[in-house]
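Student: Have a look at this one before I ask anything.
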């Protein structure tokens, strides 16, 4: 990269670079894909800038041009969690610019410049809270230093205000654009001061999704929209069941389909390359495929039967043991015992699995949906047998992730097919392929026992859990751990050849349902209010002094807030409430569901959620995440399961694999965030785990019926 | 293969495709109108929704041969500048998360408001059957009411 360096006296720590617009656009164009739109926008926004004018780029995250146009990089993949808006907000706040005047663009994949560019574990904002604000603050300090030098005044006499540096004593001001050249020559400060949260103008405000306009006008934002010269639309035939592999295939009929150009095999996959999707589809249907058994053909009924046995067995080693839960149960006046079951579900992001790949002469160009670009590039390089630096990867907006795109199978499959077929391809899976080809949310079963003594006190808790390819289905540290003196968690893993993987709020999404329902059961048995009972347990956790992973005041805070918001304890006639509270990804969420059940039909009228996620970055985006997580969790609890019959999925598409529709969604969801300036914690996932139990506990309040198996289905 | 003359977004276009090709793939692969999305291929999710003579239709199961001279409107052709009242409402309420289904949602809402300019919640329940995997339903409902107030039948 050729740059114009205009910092003759710059000390060695200078990291700022000044580059001309011409070079900048040229370099940007080379990075391809997702960058293009952003820089076209930038170019359009500043058409009158001369090619040799100097841009201020103190780091990889932001660019300021001489007209004061600020371009901010969104480093992490956008999968619907809002980071393309939230991360640039952090930069803009500390840079101190007018949000309405910034241009946001997706950063290219470049691990050296941008560090970990992933989307998972509700971690993007958490992990970049310091570094993104610092990148903005560094630029602000350099602009102030440049202005102070221009005016020959002390830096301390200058401050910034939305895109201007102002000299306080004289009232002189310069906009950032006028300072680009001089600021580029300033040393990069080692230490920066952050804004006082009370002065925030962007963080914590409602900022609309930066891609809204492009989304509502149908712009080609997604990997699946990729169109390249000479590209083939490619569909693949994949094994019809786990446990089967491809023995042979006959493509003679396929090659007769007009538009089909090539058929290739990679591993167990037969790919049909065509000039349009429909030809590839018909060509794929015309393949004669012969499969053979490779490993056992498993069914859901087998898993359930195995779970039922496992949960009767004490584990060799407990995942956690405080006191002696078995003794407490043996000496109890009363034992409450319940078994909870959670099924396998699929991620089924709306944008089906796809990837553009073009392998040529030992290099590979990739463009497509992934939550882990670094891993995708490494896995593709390994599969192709080429160095990682020969693989380029563009980051499009993604039509949902939910954990599915933490696996890189789609990128590898596309790359290998491109290599074998010697052609650029846009590989797409049909929805049926996706349902049969996922890494599913593992099923699990939980057997809870609670010991109640003669004083009507909870003295023991013992859960034995089993999970499909999941060795820790009952999370040992979870509340109420620490609040009960005799407490034991046993976990069993059931190995399976059905691939499983992280699904939004992994494990939390299942265990939260089971334990938050069981806590409700205990409260009712003890004739205690479910909210008061939880607060009482938290008090006990304080006094027992056992090891806990949660913060008692924060947990208490969301429980009390949700109770207050929902007017807990008072019901509208015919409507009933259920409570649930859960801690995950360092965030505390309490939820109350208000339901009615009429003639076996459930209606969820309203959900209240109190959330403590530290400092809220984008209020609108944050609310949207919590609303969506509630609907996601509720929809899956209500309608969704995936069943296997001899290795094949039974629910092959959305006629039988049921998603929540608008008519079942609560008409109202009220979300309140606990006011906090603590560093932000996770938010894409934590709203999901509590909702299933909140609704099931409300159903119990309405009907007296305990729901212990998901999904609870259409008839209550 | 056969030649079909279509009316897409007020423009006459001719495509040469197999007669059973679903309109969805004609739009996406032949005309490069990729705002219409594939989600399920079985008329369940509604990501492929287009307007045909002002009615919301799932284009993934509609053969191009059945379209004839109907007026087809895709999300790209809903308005010149992305300022149809329903689009405006979507922006104002900040509806999208991943955004993939929203073109279809918007067109379903436009069709609803053509039929019922002042829809009740029950009307919205009945008409809006598109899946949003991110769960933006609360905001979709709100945006439809807002579009209705703005005179959303365009």
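The values are calculated or read from the model by the stated rules, or taken from the named source; none is laboratory data. Model, not experiment: these values are computed from the prediction. Note that each Cβ is placed from the backbone with ideal geometry, even for glycine, and that neighbours are counted across all protein chains shown.
Student: Which condition does residue A:620 not pass, out of (1) buried (at least 24 other Cβ atoms within 10 Å of the Cβ); (2) within 14 Å of chain B (Cβ to nearest Cβ); (3) part of a helix (DSSP H, G or I), if it passes all the others?
Tutor: Result: residue A:620 passes all but (1).
Table: residues versus (1) more than 26 Å from residue A:400 (Cα to Cα); (2) more than 7 Å from chain A (Cβ to nearest Cβ); (3) touching a residue at least 60 places away in the same chain (Cβ under 8 Å).
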{"site": "B:103", "(1), (2), (3)": "no, no, yes"}
{"site": "B:111", "(1), (2), (3)": "no, yes, yes"}
{"site": "B:118", "(1), (2), (3)": "yes, yes, no"}
{"site": "B:135", "(1), (2), (3)": "no, no, no"}
{"site": "B:138", "(1), (2), (3)": "no, no, no"}
{"site": "B:143", "(1), (2), (3)": "no, yes, no"}
{"site": "B:150", "(1), (2), (3)": "yes, yes, yes"}
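Student: Check the stretch B:94-105 and report whether any residue there is on the phi < 0 side of the Ramachandran plot and surrounded by fewer than 22 Cβ atoms within 10 Å (Cβ to Cβ).
Tutor: Checked against the condition, which is being on the phi < 0 side of the Ramachandran plot and surrounded by fewer than 22 Cβ atoms within 10 Å (Cβ to Cβ), the stretch B:94-105 yields no hits at all.
Student: Provide a single number: the residues in the stretch A:660-673 that are within 11 Å of residue A:638 (Cβ to Cβ), surrounded by fewer than 22 Cβ atoms within 10 Å (Cβ to Cβ) and facing chain B (nearest Cβ under 7 Å).
Tutor: The total comes to 1.
Student: Take residue B:79 and tell me if it is modelled with pLDDT of 95 or more and assigned to a loop (DSSP other than H, G, I, E, B).
Tutor: Values: modelled with pLDDT of 95 or more: yes; assigned to a loop (DSSP other than H, G, I, E, B): yes.
Judged against the criteria, residue B:79 is a match.
Student: Then there's this: For residue B:128, work out the one condition from (1) without any contact (Cβ under 8 Å) to a residue 60 or more places away in the chain; (2) more than 7 Å from every other protein chain (Cβ to nearest Cβ) it doesn't fulfil.
Tutor: (2)
Student: I've got another one for you. Any idea how many residues of the stretch A:347-367 are touching a strand residue (DSSP E or B) at 6+ places or on another chain (Cβ under 9 Å) and over 14 Å from residue A:406 (Cβ atoms)?
Tutor: 13
Student: Hey, does the stretch A:252-260 have a residue that's touching a residue at least 60 places away in the same chain (Cβ under 8 Å) and either away from chain B (no Cβ under 12 Å) or within 17 Å of residue A:424 (Cβ to Cβ) (or both)?
Tutor: Checking the stretch A:252-260: not a single residue is touching a residue at least 60 places away in the same chain (Cβ under 8 Å) and either away from chain B (no Cβ under 12 Å) or within 17 Å of residue A:424 (Cβ to Cβ) (or both).
Conditions (1) at positive phi; (2) modelled with pLDDT of 95 or more; (3) surrounded by fewer than 19 Cβ atoms within 10 Å (Cβ to Cβ), marked per residue:
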{"residue": "A:40", "(1), (2), (3)": "no, no, yes"}
{"residue": "A:53", "(1), (2), (3)": "no, no, yes"}
{"residue": "A:71", "(1), (2), (3)": "no, yes, no"}
{"residue": "A:90", "(1), (2), (3)": "no, yes, no"}
{"residue": "A:94", "(1), (2), (3)": "no, yes, no"}
{"residue": "A:141", "(1), (2), (3)": "no, yes, no"}
{"residue": "A:151", "(1), (2), (3)": "no, yes, yes"}
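Student: Mind telling me which of the residues A:476, A:466 ends up being touching a helix residue (DSSP H, G or I) at 6+ places or on another chain (Cβ under 9 Å) and in contact (Cβ under 8 Å) with a residue 24 or more places away in the chain?
Tutor: Selected residue: A:466, the only one of A:476, A:466 that is touching a helix residue (DSSP H, G or I) at 6+ places or on another chain (Cβ under 9 Å) and in contact (Cβ under 8 Å) with a residue 24 or more places away in the chain.
Student: Something else: Across the stretch A:392-411, which residue is nearest to the other protein chains (Cβ to nearest Cβ) among those that are surrounded by fewer than 23 Cβ atoms within 10 Å (Cβ to Cβ) and touching a strand residue (DSSP E or B) at 6+ places or on another chain (Cβ under 9 Å)?
Tutor: It comes out as A:394.
Student: Among residues belonging to the stretch B:52-75 that are within 14 Å of chain A (Cβ to nearest Cβ) and in a loop (DSSP other than H, G, I, E, B), point out the one that is nearest to residue A:218 (Cα to Cα).
Tutor: B:74
Student: Looking at B:64, B:86, which one is touching a strand residue (DSSP E or B) at 6+ places or on another chain (Cβ under 8 Å) and modelled with pLDDT of 95 or more?
Tutor: Numbers: B:86 fails: touching a strand residue (DSSP E or B) at 6+ places or on another chain (Cβ under 8 Å).
Among B:64, B:86, only B:64 is touching a strand residue (DSSP E or B) at 6+ places or on another chain (Cβ under 8 Å) and modelled with pLDDT of 95 or more.
Student: What about residue B:47, is it part of a loop (DSSP other than H, G, I, E, B), surrounded by 24 or more Cβ atoms within 10 Å (Cβ to Cβ) and within 12 Å of chain A (Cβ to nearest Cβ)?
Tutor: Here the answer is yes, as residue B:47 does meet what is asked.
Student: Go through the stretch A:179-203 residue by residue and tally those that are in contact with a strand residue (DSSP E or B) (Cβ under 9 Å, 6 or more places away or on another chain), within 20 Å of residue A:91 (Cα to Cα) and either without any contact (Cβ under 8 Å) to a residue 12 or more places away in the chain or in a helix (DSSP H, G or I) (or both).
Tutor: 4
Student: When the residues of the stretch A:262-276 are filtered to those that are touching a residue at least 60 places away in the same chain (Cβ under 8 Å) and assigned to a strand (DSSP E or B), which remaining residue is surrounded by the fewest Cβ atoms within 10 Å (Cβ to Cβ)?
Tutor: Restricting to residues being touching a residue at least 60 places away in the same chain (Cβ under 8 Å) and assigned to a strand (DSSP E or B), the top hit is A:265.
Student: Report those strands (runs of 3 or more DSSP E) wholly inside the stretch A:340-410 carrying at least 1 residues which are closer than 24 Å to residue A:435 by Cα.
Tutor: Correct list: A:354-360, A:363-367.
Student: Pairs, please: C-beta under 7 Å, at least 6 apart or cross-chain, first residue on the phi > 0 side of the Ramachandran plot and in the stretch A:634-659, second part of a loop (DSSP other than H, G, I, E, B)?
Tutor: The qualifying pairs are A:646/A:241; A:646/A:297; A:646/A:299; A:647/A:241; A:647/A:242; A:647/A:243; A:647/A:297; A:647/A:298.
Student: How many of the residues in the stretch B:1-44 are more than 10 Å from every other protein chain (Cβ to nearest Cβ), under 15 Å from residue A:281 (Cβ atoms) and part of a loop (DSSP other than H, G, I, E, B)?
Tutor: Of the residues in that region, 1 qualify.
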